[in-house]
Amino acid sequence: MSDRILILDFGSQVTQLIARRLREANVYCEIMPFDKGDAAVRAFAPKGIIFSGGPATVTDAGSPRAPEAAFDLGVPILGICYGQLTLSAQLGGKVESSDHREFGRAMVDVVEDCELFHGVWQAGQREQVWMSHGDRVTEIPPGFTAAGTSDGAPFAVIADDARRYYGVMFHPEVIHTPHGAQLLANFAHRVAGCAGDWTMAAFRDQAIERIRDQVGDKRVVCGLSGGVDSSVAAVLIHEAIGDQLHCIFVDHGLLRAGEAEQVVEIFREHYNIPLTHRNASEMFLGKLAGVEEPEEKRKIIGGLFIDVFEQEANKLGGAEFLAQGTLYPDVIESVSVTGGPSVTIKSHHNVGGLPARMNMSLVEPLRELFKDEVRALGRELGLPDSLVGRHPFPGPGLAIRLPGGVTEEKADILRKADQIYLEEIKSHGLYDAIWQAFAVLLPVRTVGVMGDYRTYEYVCALRAVTSTDGMTADFYPFDMAFLGAVSNRIVNEVRGINRVVYDVTSKPPGTIEWE
């Protein structure tokens, strides 16, 4: 087993990014709610522990605290933002609320060297960081020294090299702290002594072994969606258990253009994986008729998927396991420690388990991976780049890209516009520079003039963003010539659209997708 770091989550919007940075340093890690308990912390057997940030105030009665096992294990600890505050309070320091808050970019003056800074920062330097705090440490615990200060935090960095305890008031995990990833790598490699030997090839071998141990000689059905995640999961499981796997691909009438054909070709003809292709579009569109609220759409689609899987599995003579492409962000966003909006982000996933009526257990071999790691695993398994490199398409399907009611007519209009948009992006060589792009059919119509006729048709919105982590995003800066060409094609070729707009909204940390 690879060396590993445990991240105790106190509710920060960007806790996932801590894990992302550690994985980039080839160190395996997992996120655990801060209140999971002493036994869970000990059982994980980490080589180091990180306390995340969070929205609470340490001075409030009943505010979150780290479990005592974190200190009893004798392993290195790094506290980030709220993590530094509770670390200080629990070890005998003093924390107070402050009128001098720091949010956004700030500068830290490095006043003393420590192991956390080795080869990255040194005393006398002034470094840019990203702050997000109102409270601050006013008296450091015994054994600590002040290694860095900022305008709003006299103890912006505290260090105890003897016990290997560190605290930072800024967020090293976000890209706005330029050397933050190196500081986290320092903590994992130099301070905690992790070997950095976690690779995708090693994960593949371990995952295959785990699948075989879990499944034995039983049958598995896998729900294919046509996306990267379920496709990689299916190929990995097939490599582990062969024809014990049967894939079920449900066409719900809300797929992108050509997706159904591509899935059938890749899995039935290229990989020779047993596949049932069920066209259930009439059922899905019928249930969605008149439904406008996005969350209700998600739940309807998720419930229907379960129904279809159950029907098709019964036709096969039953199956003991249902496989799906759940990713690590799905898991984390579905067990928010703060009870915030992220609790419902993944409501169309069965992250918490299947309905009681289904006599199946879940197989989720990608449950520990982030999206880019899934892509790397897909390449390791030999999947074509056309599939592995596909943009994520949050969904489920086009239903959430159709604000308001869903109809077959509107789905067809959106599908054609979306296809043109992606064709133009690819023909201009921009696809790989963009993290995600899609079209949305707005629930409004406008009056326009086309030739000698007045029209009253829909408005189409285009979205394209760049991102390194999927947590934050900036709109892609298309030039006006490109937008003009795309708009002309959509208006000319898609009957039902007479106006196109481009969304230039950025996505700050912790927010969900535009819909």
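Just to verify a number: what accessible area does residue 198 come out at with the full protein assembly present, 1.4 Å probe, Å² rounded to tens?
Counting only protein heavy atoms, the figure is 10 Å².
What would the Debye formula give as log10 I(q)/I(0) at q = 0.15, 0.29 Å⁻¹ for the alpha-carbon point model of the range 184-227, no solvent?
Once normalised to I(0) and log-transformed, intensities are -0.65, -0.98.
Looking at the range 381-509 only, what percent of DSSP beta bridges run antiparallel? Nearest 5 please.
Once the DSSP bridges in the range 381-509 are tallied, antiparallel ones form about 75 percent.
Relative contact order for the chain: what percent, with Cα pairs under 8 Å and sequence separation of 6 or more?
Numbers: 1042 pairs, mean separation 55.8, N = 515.
Relative contact order of the chain: 11 percent.
Mark the label point 7 Å from the Cα of residue 57 along Cα→Cβ and return the residues of the range 134-160 whose backbone N is within less than 13 Å of it.
134-136
Below 8 Å, C-alpha to C-alpha, sequence gap of six or more: please give me the relative contact order for the range 223-269 in percent.
Details: 25 pairs, mean separation 19.6, N = 47.
42 percent.
Per the Kirkwood treatment, what hydrodynamic radius in Å, one decimal, follows for the range 359-441 from the mean inverse distance over all distinct Cα pairs?
Values: mean 1/r = 0.0665 Å⁻¹.
About 15.0 Å, per the Kirkwood formula over Cα pairs.
Mind jotting down the distance between the C-alpha centroids of the range 453-468 and the range 246-320, whole Å?
A separation of 27 Å, based on Cα centres.
Could you give the Stokes-Einstein D for the range 111-188 in µm² per second, using the C-alpha Kirkwood radius, 10 °C, 1.306 mPa s? Mind showing how you got there, number by number?
Details: Rh = 12.7 Å.
My calculation gives 125 µm²/s for D.
Summing Lys, Arg as +1 and Asp, Glu as -1, what charge do residues with Cβ under 12 Å from the Cβ of residue 259 carry, residue 259 excluded? Each step should come with its number before you reach the end.
Numbers: positive: 256, 390, 415; negative: 251, 261, 265, 418.
Net charge in that neighbourhood comes out at -1.
State, as an integer percentage, the relative contact order of the range 1-70 based on alpha-carbon contacts under 8 Å between residues 6 or more apart. Display every interim value, and only then the final one.
Working: 113 pairs, mean separation 30.9, N = 70.
After rounding, I find 44 percent.
Give the distance, in whole Å, between the Cα centre of the range 386-421 and the Cα centre of the range 160-184.
Going from one Cα centre to the other spans 40 Å.
Can you compute the helix-only [θ] at 222 nm over the chain? Use -39500 (n - 2.57) per DSSP H run of at least 4 residues, normalise by all residues, nearest 500 deg cm²/dmol. List each step's numbers first, then the result.
Numbers: 15 runs with 158 residues, N = 515.
When only DSSP H runs of four or more count, the value is -9000 deg cm²/dmol.
What would the Debye formula give as log10 I(q)/I(0) at q = 0.23 Å⁻¹ for the alpha-carbon point model of the range 1-125, no solvent?
Debye curve over Cα of the range 1-125, log10 I(q)/I(0) at q = 0.23 Å⁻¹: -1.49.
What aspartates and glutamates sit close enough to residue 315 to cross-link, taking a C-alpha to C-alpha distance under 14 Å and skipping anything fewer than 8 places away on the same chain?
307
Got a sec? Charge dipole of the chain, +1 on Cβ for Lys and Arg, -1 for Asp and Glu; which of 461, 254, 223 is way out at the positive end?
The residue sitting farthest along the positive end of the dipole is 254.
With +1 on each Lys and Arg Cβ and -1 on each Asp and Glu Cβ, how big is the dipole of the chain about its Cα centre, in debye rounded to the nearest 20? Each step should come with its number before you reach the end.
Numbers: 48 positive and 69 negative charges, 111 e Å.
The dipole magnitude comes to about 540 debye.
To check you understand DSSP bridge types, tell me what percent of the beta bridges within the chain (both residues inside) are antiparallel, rounded to 5.
Values: 37 of 75 bridges.
Taking every DSSP beta bridge within the chain, about 50 percent pair in antiparallel fashion.
Apply 1/(1 + (r/R0)^6) to the Cβ-Cβ distance of residue 492 and residue 466, taking R0 = 30 Å, and write down the FRET efficiency to the nearest 0.05.
Values: r = 28 Å, r/R0 = 0.94.
Taking R0 as 30 Å, the efficiency between residue 492 and residue 466 is 0.60.
How do 406-417, 291-302, 139-150 rank on mean C-beta neighbours within 10 Å, highest first? Don't skip to the end; give the middle numbers.
Working: 406-417: 19.9, 291-302: 16.2, 139-150: 18.2.
Final packing ranking: 406-417, 139-150, 291-302.
As I understand it, the dipole of the chain uses +1 on the Cβ of Lys and Arg and -1 on the Cβ of Asp and Glu, about the Cα centre. Which of 174, 264, 480 lies farthest toward its positive end?
Value: 264.
First select every other residue whose beta carbon is under 9 angstrom from the beta carbon of residue 498; then total the charges, Lys and Arg +1, Asp and Glu -1.
Numbers: positive: 445, 499; negative: 457.
That works out to +1.
If you build the Cα gyration tensor of the range 231-286 and take the root of 5 times each eigenvalue, what three semi-axes come out, in whole angstrom, biggest first? Don't skip to the answer; put the middle values down first.
Values: eigenvalues 105, 28, 15 Å².
In descending order the semi-axes read 23, 12, 9 Å.
What per residue convex hull volume, in Å³, do the alpha-carbon atoms of the range 74-153 yield?
Value for the range 74-153: 94 Å³ per residue.
Kindly state, as a whole number, the per residue volume in cubic angstrom of the convex hull around the alpha carbon atoms of the chain. Could the numbers behind the result be given before it?
Numbers: hull volume 84.9 nm³, N = 515.
So the per-residue Cα hull volume is 165 Å³.
The values are calculated or read from the model by the stated rules, or taken from the named source; none is laboratory data. Since this is a predicted model, take the numbers as computed values, not measurements. All Cβ positions, glycine included, derive from the backbone under ideal geometry; neighbour counts span all protein chains shown. The protein model used for the area step is the full one, side chains on, heavy atoms only, and it has no ligands, DNA or RNA in it. Shrake-Rupley method; radii C 1.70, N 1.55, O 1.52, S 1.80 Å.
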